[in-house]
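> Please find one structure pasted underneath; my questions will follow.
The values are calculated or read from the model by the stated rules, or taken from the named source; none is laboratory data. As the structure is a prediction and not an experimental result, all values here were calculated from the model. Backbone-built Cβ (ideal geometry, glycine too); neighbour counts: all protein chains shown.
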Amino acid sequence: MYVLAILGRRLGQIVATVVLVALLIFGLMRLLPGDPALMLLGDRATDASIAQMHHDLGLDRSVAVQFWEFLVHTVTLQLGDSITMRVPVISLVRDGLPITLLLTGMAAFLALLIAVPLAFVSALRPGSWMDAAIRTVAQISLSMPVFYIGLVLLIVLAAGLHWFPVGGIGNGFFQDLYYLFLPALTLALSLSAVLLRNLRQSLLEVLNAEYVNFATAKGLPRRMILTRHVLRNAWVSTVTLLGLNIGSLVGGAVITETVFAIPGLGRLTIDSIFARDYPVVQGLTMVLAIMVSVVFLLVDTVQVLLDPRMSK
Amino acid sequence: MTPLLSIRGLSVQIGRGTPVDGIDLDIAPGETLGIVGESGSGKSLSLRAILRLLPPQAKVTGTAIWNGVDLLTLPEPDMRRVRGGQIAMVFQEPMTALNPVLPIGLQITESLGVHLNLRGAAAKTRATELLDLVGIPDASRRLSNYPHEFSGGMRQRAMIAAALASGPKLLLADEPTTALDVTIQDQILKLLLRLKEELAMSVVIVTHDLGVVAGTCDRVAVLYAGKVMETGPVRTLFTRPSHAYTLGLLRSLPDAAHARQRLEGIAGSPPDPGALPPGCRFAPRCGFALDACRIGDRVLAPSAPDQLSACIRAETVMAA
């Protein structure tokens, strides 16, 4: 029951976040210099056609009414049409969203796959040469920019060894997994370094906790102690950190998708910013804000499930 | 009678210090032994050393003979069967010794699964019985509760239930009442004594509280700076201590019958385990000390029937 109560509270916060983001986008669009009608009509604008366009765009109504309409449109997913591509923004989102979701999901999964075992190796023998090596590599991958890691992987594993495609997207889910592996790995490396450092630290703390001594004193096998008592507790802060980093993962996807020529939302964002395609930028910002909010909601839920004390 | 557990020359070395330095102790079947000493005297470390719960930096030497085998050199899989199954341990702070993210029931049943091969409904039934045994009302409903949903006394009871789940023959209790309110302390001690009888166990209670020892133990060992100063039956040792340190401890107890009396206490503080004084380790703080106290090693010698003391001034102390 308490999980539902918390979900309800967080759902309210998501609605508030989305309205705030909408207000921000709406305000920013108003702050842009120039008249959108003029921009759309170009040189052939007459006073009459500008007035007509203002009426068509709803710009002749009060700001409050315009914001309300903008909100209603956002909620009902009427995000308008792209200026340059002349298709509804929502159809662009529908095409790109699954790819970006798959990319970030894979990246998060790979990051955990790398971070968890290495954190264990590190924490179980602190100060050993393995620990030192793992922490050094983590430090290096943390300090390299995402686009650089992406280019290096691309040149070595794709262009050089031909193990992976150089870019683009596959045909069907399983081929997508293959095509997206390198970009996901690119995104995962720096994230895994962040997670590794955090998990190693919390593992070290938990390994010295009295309840681990008590579990040992009860005669439990080592593996059971490590999974049930140690990892279960060390997880909590790492899951939080993973959730907080999903936002930057999406930011990283913008770069990675550009490097690997992946037709996801990230590359769409970059392209439409360069093309001054405001409806698309606006729609994408909304979608990404909602996406990140939903991830935060998931993280909160998982946290409560992992640590019952959080429900207080 | 052959002792249940026989400890000889137990030492723990951490870095350059030796916080436990050559301890000899015997625990007889069915007896309750109290180990008293100030913080840092090595009493908790000794207890943890027996079950090999110390981190690898701590070097443990000596022997601890249990059922004819030395616990300090026993292979890990065999040691795992001893822990919890034959020798159990309860800790000082139940809030930190119980895992905060696991339900109480699971923390009892996991031991049952490992030692008695009890799982599922059978383990649940046994866990309910155990919670019932330690005096937790409405036990079956409490199994799914988490430690933070229990009161301090209830948590300590739950930890005792978890420790005793697999029917050990010896219970090591590390300051089991220190973190509790005085009224709860008494309940927990009575519970331990009752369980000792019902489950036919021996109990070792480590504490800094002489009152706890007086109220519960048959025999007592007084530790100071990693060495045993004196051992003997509680009654004779408390009425006629034969070590200057024991006398000092007893004299620093407030006495309810003589309220507002000035406490004597012991001047100074225990030595740093990295820089121990030569001779008797208590000599620098001792009012009885002679020049002879400051040289040579001390050994435990009989000072009265059943009583051993490491004090060369035992006779003077007993007369004081």
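> Within region A:231-252, can you find the residues that are under 18 Å from B:ILE108 (Cα atoms) and more than 8 Å from chain B (Cβ to nearest Cβ)?
The answer is none; no residue qualifies.
> From B:ILE160, B:ILE205, grab the single residue that is in contact with a helix residue (DSSP H, G or I) (Cβ under 8 Å, 6 or more places away or on another chain), under 23 Å from B:LEU5 (Cα atoms) and within 14 Å of chain A (Cβ to nearest Cβ).
From the options B:ILE160, B:ILE205, the qualifying one is B:ILE160.
So that you can scan it fast, the table gives a plain yes or no per residue for (1) under 30 Å from A:PHE164 (Cβ atoms); (2) at pLDDT below 85:
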site	(1), (2)
A:LEU204	no, no
A:LEU244	yes, yes
A:PHE274	yes, yes
A:LYS312	no, yes
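> Related question: What is the number of the single condition among (1) of a type outside the set (Phe, Trp, Tyr); (2) in a helix (DSSP H, G or I); (3) at positive phi that B:GLY135 does not meet?
Going through the list (1) of a type outside the set (Phe, Trp, Tyr); (2) in a helix (DSSP H, G or I); (3) at positive phi, B:GLY135 breaks only (2).
> Are any of the residues in region B:43-57 touching a Ser or Thr at 6+ places or on another chain (Cβ under 7 Å) and over 18 Å from B:LEU308 (Cβ atoms)?
Looking through region B:43-57, at least one residue is touching a Ser or Thr at 6+ places or on another chain (Cβ under 7 Å) and over 18 Å from B:LEU308 (Cβ atoms).
> Here is a follow-up. Determine which single condition B:LEU133 fails, assuming it passes every other condition in (1) over 19 Å from B:SER202 (Cβ atoms); (2) away from chain A (no Cβ under 13 Å).
Against the list (1) over 19 Å from B:SER202 (Cβ atoms); (2) away from chain A (no Cβ under 13 Å), B:LEU133 comes up short only on (1).
Per-residue answers, yes or no, for (1) modelled with pLDDT of 90 or more; (2) more than 14 Å from every other protein chain (Cβ to nearest Cβ):
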| residue | (1), (2) |
| --- | --- |
| B:LEU164 | yes, no |
| B:LEU172 | yes, no |
| B:ILE184 | no, yes |
| B:LEU192 | yes, yes |
| B:GLU197 | yes, yes |
| B:TYR224 | yes, yes |
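> Among the numbered conditions (1) over 18 Å from A:PRO279 (Cα atoms); (2) in a helix (DSSP H, G or I); (3) more than 21 Å from the chain's Cα centre (by Cα), tell me where A:GLN13 comes up short.
A:GLN13 satisfies every listed condition except (3).
> Turning to a different aspect of this structure: Confirm whether B:CYS280 is without any contact (Cβ under 8 Å) to a residue 40 or more places away in the chain and in a loop (DSSP other than H, G, I, E, B).
Taking the combined requirement at face value, the residue satisfies it.
> Another question about this same structure. Between residues in region B:47-58 that are more than 9 Å from every other protein chain (Cβ to nearest Cβ) and residues that are in a strand (DSSP E or B), which pairs lie under 6 Å by C-beta distance while being six or more apart or on different chains?
B:LEU47/B:LEU172; B:LEU47/B:ASP174; B:LEU47/B:VAL206; B:ALA49/B:VAL12; B:ALA49/B:VAL60; B:ILE50/B:ALA64; B:ALA58/B:VAL12; B:ALA58/B:ILE14
> Out of A:VAL156, A:VAL152, A:VAL137, A:VAL121, which single residue is touching an Asp or Glu at 6+ places or on another chain (Cβ under 8 Å), in a helix (DSSP H, G or I) and surrounded by fewer than 18 Cβ atoms within 10 Å (Cβ to Cβ)?
Unique residue meeting the criteria: A:VAL121.
> Filter region B:84-106 down to the residues that are assigned to a loop (DSSP other than H, G, I, E, B), touching an Asp or Glu at 6+ places or on another chain (Cβ under 7 Å) and within 7 Å of another protein chain (Cβ to nearest Cβ) and list them by number.
Within region B:84-106, B:PHE91, B:GLU93, B:VAL101 qualify.
> Answer with yes or no whether B:ASP21 is in contact with a Lys or Arg (Cβ under 7 Å, 6 or more places away or on another chain), crowded, with 18+ Cβ neighbours inside 10 Å and assigned to a strand (DSSP E or B).
yes
> Residues being of a type outside the set (Asp, Glu) and within 11 Å of another protein chain (Cβ to nearest Cβ): count how many of those fall in region A:180-230.
Looking only at that region, the number is 21.
> A further question on this structure: Out of B:GLY62, B:GLY30, B:GLY68, report the one residue that is more than 14 Å from the chain's Cα centre (by Cα), away from chain A (no Cβ under 14 Å), modelled with pLDDT of 90 or more and within 30 Å of B:PRO137 (Cβ to Cβ).
That would be B:GLY30, the only listed residue that is more than 14 Å from the chain's Cα centre (by Cα), away from chain A (no Cβ under 14 Å), modelled with pLDDT of 90 or more and within 30 Å of B:PRO137 (Cβ to Cβ).
> Here's something else I'd like to know. Would it be correct to say that B:LEU112 is closer than 25 Å to A:MET224 by Cα, within 14 Å of chain A (Cβ to nearest Cβ), in contact with a Lys or Arg (Cβ under 7 Å, 6 or more places away or on another chain) and assigned to a helix (DSSP H, G or I)?
Considered against the rule, which asks whether it is closer than 25 Å to A:MET224 by Cα, within 14 Å of chain A (Cβ to nearest Cβ), in contact with a Lys or Arg (Cβ under 7 Å, 6 or more places away or on another chain) and assigned to a helix (DSSP H, G or I), B:LEU112 comes out as yes.
> Any chance region B:233-248 includes a residue that's in contact (Cβ under 8 Å) with a residue 60 or more places away in the chain and more than 30 Å from B:PRO29 (Cβ to Cβ)?
Yes, region B:233-248 contains at least one residue that is in contact (Cβ under 8 Å) with a residue 60 or more places away in the chain and more than 30 Å from B:PRO29 (Cβ to Cβ).
> Now for a different question. Run A:ARG232 past the list (1) more than 28 Å from A:LEU305 (Cβ to Cβ); (2) surrounded by fewer than 18 Cβ atoms within 10 Å (Cβ to Cβ) and report the number of the one that doesn't hold.
(1)
> While we're on this one: Kindly indicate whether any position in region A:97-116 is more than 24 Å from A:GLY251 (Cα to Cα) and at pLDDT 75 or above.
no
> Go through region B:115-130 and give me each residue that's touching a helix residue (DSSP H, G or I) at 6+ places or on another chain (Cβ under 7 Å) and either in a helix (DSSP H, G or I) or within 8 Å of chain A (Cβ to nearest Cβ) (or both).
Correct list: B:ALA123, B:LYS124, B:ARG126, B:ALA127, B:THR128, B:LEU130.
> A further question follows. Determine whether region A:213-226 contains at least one residue that is crowded, with 19+ Cβ neighbours inside 10 Å, under 19 Å from A:LEU112 (Cβ atoms), within 29 Å of the chain's Cα centre (by Cα) and not basic (Lys, Arg).
There is no residue in region A:213-226 that is crowded, with 19+ Cβ neighbours inside 10 Å, under 19 Å from A:LEU112 (Cβ atoms), within 29 Å of the chain's Cα centre (by Cα) and not basic (Lys, Arg).
> Shifting gears a bit: Select from region A:124-134 the residues that are closer than 11 Å to A:ARG200 by Cα and not aliphatic (A, V, I, L, M) and write down the one among them that is surrounded by the most Cβ atoms within 10 Å (Cβ to Cβ).
A:ASP131
> Pairs, please: C-beta under 6 Å, at least 6 apart or cross-chain, first residue touching a residue at least 40 places away in the same chain (Cβ under 8 Å) and in region B:15-32, second crowded, with 17+ Cβ neighbours inside 10 Å and of a type in the set (D, E, K, R)?
That search, which allows pairs on different chains as well, returns B:ASP21/B:LYS227.
> Given (1) loosely packed, with under 15 Cβ neighbours inside 10 Å; (2) within 13 Å of A:LEU189 (Cβ to Cβ); (3) modelled with pLDDT of 85 or more, identify the lone condition not met by A:PRO145.
It fails just one condition, (3).
> Somewhere in region B:34-55, is a residue among the β-branched types (Val, Ile, Thr) and either more than 19 Å from the chain's Cα centre (by Cα) or over 29 Å from A:LEU204 (Cβ atoms) (or both)?
Yes - at least one qualifying residue is present in region B:34-55.
> Enumerate the pairs (first residue in region A:157-175 and assigned by TED's automatic domain parsing to the domain that holds A:LEU101; second residue anywhere and of a type in the set (D, E, K, R)) with beta-carbon separation below 8 Å, excluding pairs fewer than 6 apart on the same chain, so at least 6 apart or on different chains.
Listed pairs, sorted by first residue: A:ILE169/A:ASP176; A:GLY170/A:ASP176.
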